[in-house]
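Inspection log for the structure reproduced underneath, given as structure tokens.
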Amino acid sequence: MNGFPKTRRDEGTIEGYEQVDWEKAIIVATGSRRDEIEIHSSLEECKRLADTAQAEVVETVLQYRERPDAAWMIGKGKAEEVAQLVEDYEVDLVIFDRELSPAQIKNLEQVLPCKVIDRTQLILDIFARRAFTKEGTLQVELAQLQYMLPRLTGRGKELSRLGGGIGTRGPGEKKLETDRRHIRRQIQALQEELEKVRKHRELHQKRRKKAETLQVALVGYTNAGKSTLFNQLTGAEVLAENKLFATLDPTSRALDLPSGETVVITDTVGFIRNLPHQLVAAFRSTLEQVKEADLLLHVVDMSSEEAPEQIAAVEDVLRELDAGEIPTLMVLNKKDLWNGEDSFIAPDPSVRISALVEEDLDRVKSMIEKLLLKEEIIGEAVLPSEDGATLAQILRYGETLEMESQEDQLRVRFRMSGRHFERLPKVLQEKIQRI
């Protein structure tokens with residue numbers, strides 16, 4: 001296989017990605033019985049995360065308890081039961097569907113004869129696989145180091161396994177055995193590099209603002225279909241597959257609207273429930289592109305039973321980014337897979353589509369145009385003949401319908417988008433009569 005190790009399973013292997021042996025895994029979940037539905041939902045999502053990371057889940061363990069055990073998360077007795085399952089199934093790693101404390105990791109590693117990782121490490125591992133740009137690699141490395149810094153003590157068993165598969169791969173792995181002081185220096189260096197990248201991006205943003213370029217950002221839960229929609233709208237070739245976090249590095253393309261106006265649309269990384277705060281912090285410079293948008297397209301998988309929870313998770317992250325007040329169009333995607341029953345009330349404005357249907361794409365473009373350009377107006381202004389500056393402003397933003405000279409005055413009738421009308425000086429707006 002082109003010099004790569006043979007995989008246990010070939011499905012899901014993506015051209016350009018590292019091909020590695022699939023690791024056998026057990027997933028462990030715990031929580032109060034009052035939250036049973038949420039626990040099962042999170043457990044299913046963790047299975048999909050494991051599959052994306054190329055782990056073959058051979059068993060799941062669920063323990064109901066009012067609160068996590070401070071020392072073991074699941075209690076020592078249950079940990080010993082999991083240890084027996086590890087032996088029986090010859091498992092490579094145990095994944096906990098919650099974030100583990102340093103003490104819990106240390107205690108669990110003493111009982112479980114394999115690697116122990118938590119949900120955060122699993123997500124970080126997926127990001128490490130999917131980061132291709134310099135900025136993406138820097139961001140993943142920063143998040144890994146920030147996660148590992150308080151967990152260095154007592155992790156000898158795992159840290160001695162350099163390159164040991166899920167939870168240990170990625171740009172930061174070679175530094176995990178260094179002391180805290182060196183890691184802090186490395187974190188500072190990464191933050192400084194990312195700050196340079198952020199300033200470079202700000203220059204591009206300022207140029208777009210100066211050119212009055214409208215910006216649209218696609219946001220949504222991971223695997224909601226953002227990249228497919230992006231590709232269909234723009235003709236781009238961003239990786240789109242049925243995996244979590246298929247898109248990591250943001251991509252921007254021009255999008256022509258029905259009126260002929262061109263906007264810039266950006267595909268962004270998908271969100272997820274309990275998104276590790278290290279990732280939100282590390283990817284803030286990338287996610288801040290969302291804050292610069294004039295309009296958000298919140299893409300929702302309307303066929304998912306978890307749609308309400310997924311919508312809430314996205315809105316939580318948007319609020320954390322101070323982007324909760326940006327005008328938003330909710331795009332209810334995958335209507336072709338929808339069972340006909342609504343699990344939530346869609347806000348206004350919203351549109352139901354399949355990203356693979358041309359007519360639905362046209363509806364999305366029309367909605368974008370309506371929300372960005374606002375309602376078109378037809379106006380008329382009577383100006384002094386010598387007032388060329390005011391006439392130039394009208395001609396710059398509007399389409400002339402009629403122009404007539406009347407002695408020392410000029411009557412101009414024009415068509416203009418509401419957005420452009422609002423850009424006119426207030427004193428000029430007051431001179432214009434809407435028709």
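The values are calculated or read from the model by the stated rules, or taken from the named source; none is laboratory data. Remember, predicted model here, so these are calculated numbers, not experimental data. Backbone-built Cβ (ideal geometry, glycine too); neighbour counts: all protein chains shown.
What to note about this one:
- Among (1) part of a strand (DSSP E or B); (2) surrounded by fewer than 21 Cβ atoms within 10 Å (Cβ to Cβ) - the single one P308 does not satisfy: (1)
- Verdict on T390 being assigned to a helix (DSSP H, G or I) and either surrounded by 13 or more Cβ atoms within 10 Å (Cβ to Cβ) or not assigned by TED's automatic domain parsing to the domain that holds R352 (or both): yes
- Residue satisfying condition, being out of contact with any Lys or Arg (no Cβ under 8 Å at 6 or more places or on another chain) and at pLDDT below 90, within set T228, T247, T268, T251: T251
- Residue that is at pLDDT 85 or above, farther than 25 Å from E292 by Cβ and not charged (D, E, K, R), where the choices are I166, I123: I123
- Residues in the stretch 348-361 that are surrounded by 12 or more Cβ atoms within 10 Å (Cβ to Cβ), charged (D, E, K, R) and assigned to a helix (DSSP H, G or I): 1 in all.
- Of all residues in the stretch 390-427, those that are over 23 Å from T213 (Cα atoms) and not basic (K, R) total 12.
Here's the yes/no breakdown for (1) touching a strand residue (DSSP E or B) at 6+ places or on another chain (Cβ under 7 Å); (2) modelled with pLDDT under 90; (3) part of a loop (DSSP other than H, G, I, E, B):
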| position | (1), (2), (3) |
| --- | --- |
| G324 | no, yes, yes |
| M330 | yes, no, no |
| V382 | yes, yes, no |
| R419 | no, yes, no |
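- Where a residue in the stretch 331-347 is surrounded by 13 or more Cβ atoms within 10 Å (Cβ to Cβ) and its partner, wherever it lies, is acidic (D, E) and in a loop (DSSP other than H, G, I, E, B), with Cβ under 9 Å and at least six apart: S343/E305; S343/E306
- Where Q205 falls short, out of the listed (1) surrounded by fewer than 15 Cβ atoms within 10 Å (Cβ to Cβ); (2) modelled with pLDDT of 65 or more; (3) of a type in the set (S, T, N, Q): (1)
- Checked against (1) out of contact with any Gly (no Cβ under 9 Å at 6 or more places or on another chain); (2) within 22 Å of F230 (Cβ to Cβ); (3) buried (at least 21 other Cβ atoms within 10 Å of the Cβ), P276 meets all criteria but (2).
- Odd one out for K175 among (1) charged (D, E, K, R); (2) farther than 30 Å from E422 by Cβ; (3) at pLDDT 75 or above: (3)
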